[in-house]
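The values are calculated or read from the model by the stated rules, or taken from the named source; none is laboratory data. Since the model is a prediction, treat every value here as computed from it, not as a measurement. Cβ coordinates were reconstructed from backbone atoms using ideal geometry, including for glycine residues, and neighbour counts include every protein chain displayed. These accessible areas exclude ligands, DNA and RNA; they are computed on the full protein's heavy atoms, side chains included. Shrake-Rupley method; radii C 1.70, N 1.55, O 1.52, S 1.80 Å.
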Amino acid sequence: MAFSLPSYVPPDFSLLVNSPCIETARVDIDGVAPDGYHAMSIFPEYFNVRGNWTLPEQSRMDCVAVLRGNTIDVVEFRNLHIGDEVVLGRTEDGSEGIYLHSEGFSKNKEEEDVFAFRGRRSRETAYSRDYDELYELLRYEREHGQITWVLGPAASFDHDSRLAMSQLIEHGYVDVIFAGNALATHDLEGAIFRTALGQNIYTQKSQHNGHYNHLDLINMARRYGSLKKLIEEEVIDGGIMQAALKKGIPVVLAGSIRDDGPLPSVIGNVYESQDAMRSHIRGTTTVIALATQLHTIATGNITPSYAVRDGTVRPVFIYSIDVCEFALNKLIDRGTLSCKSIATNVQDFLALLRNNLVGCKIV
């Protein structure tokens, strides 16, 4: 099938001619919004600014709208400053000058039965069509968009999945990587010790004293002072981190309270991590999140359902892949309603993508 980017249909503003202009209130304490602030969603929201309906080009759920001149900026609470003009309003139907438009990318739906089996996506769902659509989407996005991957350590636990991910990087299907200390640690552990968490990445058998390997790897990296120097000095010529470094792919490693080490370049401050992720999400048009519940939810919460490119509104696609249905549902429960989920293990998913996008099987 040939991929076609869904067209965006803006609201019918003729139905909103009687809507008032927005009201604002000034911030008088840094980091504190005035009472009655309007909180943003993942959907396109329009603001009546002096008679003109204005759509923020950059949005984010659970932030506030700040009027700056004739434009609307979407700002985290912690980044509010004294004097900012925050938009007020708790309705989204235009009655306070704010209109939420959730149907801009909706297709004409065929009539569906009120009662039908297997309405929810689960382990019993057939994902063949989803894969076909994803292959075509990624081919399109490689040329026209920005593909951000959110990787859990499972992507590096197996030789085939680790190789598949590195080859997707090499062939241009990866523009940004979000991960934590574990993904990078076990990928590099696999490169040097051929293990991940002490298990052989080929046979999955635990090695004698293998539980030291990831700690030795972290210690080695800290001695070198950077992942770049580690990869160069140890002549690492394969794996996810090496492929990303070679290709010049930005990698944001957001730390957690349970990290070992951590590796150099892991960002220990959660708000610095959030800012770094946010800077790349601004350009992202497709997100693919693999088996990392917390990083996936964090990314979902900073990713709007739309992006504005060259004045055109287009959808942002979000895929979540996990073998656990609970983890997939958790993302939707946290407000990322536009996410498409696939219940499968990471190793099979990456192998299928690699085989269909790169064109030959892993050997």
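Can you give me the relative contact order of the chain as a percent, contacts being Cα pairs under 8 Å and 6 or more apart?
About 18 percent, as a whole number.
Calculated FRET efficiency, residue 13 and residue 312, Cβ-Cβ r, R0 25 Å, to nearest 0.05?
0.90
Quick one: putting +1 on the C-beta of Lys and Arg, -1 on the C-beta of Asp and Glu, what dipole do you get for region 195-315 around its Cα centre, in Debye to the nearest 20?
Using Cβ point charges on Lys, Arg, Asp and Glu, region 195-315 gives about 300 debye.
Using a Förster distance of 30 angstrom, determine the FRET efficiency expected from the C-beta separation of residue 81 and residue 4, and round it to 0.05.
0.10
Using a simple spin-label model with points 7 Å from Cα along the Cα→Cβ vector, what separation in nm is obtained for residue 171 and residue 207?
Calculated label separation equals 2.9 nm.
With unit charges on the beta carbon (Lys/Arg positive, Asp/Glu negative), name the residue among 315, 10, 135 whose Cα is farthest towards the positive pole of the charge dipole of the chain.
It is 135, whose Cα lies furthest towards the positive end.
Check which residues have an amide H placed less than 5 Å from residue 150's amide H, if you skip close sequence neighbours.
Amide H neighbours of residue 150: 178, 288, 289, 290.
Going 7 Å from the Cα of residue 139 toward and past its Cβ, which residues in region 169-193 have a backbone nitrogen under 17 Å from where you end up?
Only 171-174 pass the distance filter.
Ranking request for peptides 152-160, 177-185: highest mean number of other beta-carbon atoms within 10 Å first, then the rest in descending order.
Highest-to-lowest ranking by the protection proxy: 177-185, 152-160.
List nothing, just return the count: lysine pairs in the chain, 8 or more apart or interchain, with Cα separation under 22 Å.
For the chain, the number of qualifying lysine pairs is 8.
Just subtract the alpha-carbon distance of residue 235 and residue 356 from 0.36 nm times their residue separation and send over the number in nm, one decimal.
That pair, residue 235 and residue 356, stretches by 40.6 nm at full extension.
Which length gain, in nm to one decimal place, applies between residue 58 and residue 26 when the Cα-Cα distance is subtracted from 0.36 nm times their residue separation?
Result: 9.4 nm gained on full extension.
Determine the gain in length on full extension of the stretch residue 125-residue 348; use 0.36 nm per residue of separation and subtract their C-alpha separation, reporting nm with one decimal.
78.7 nm
So what does residue 143 come to for accessible area, using a 1.4 Å probe and Å² rounded to 10?
120
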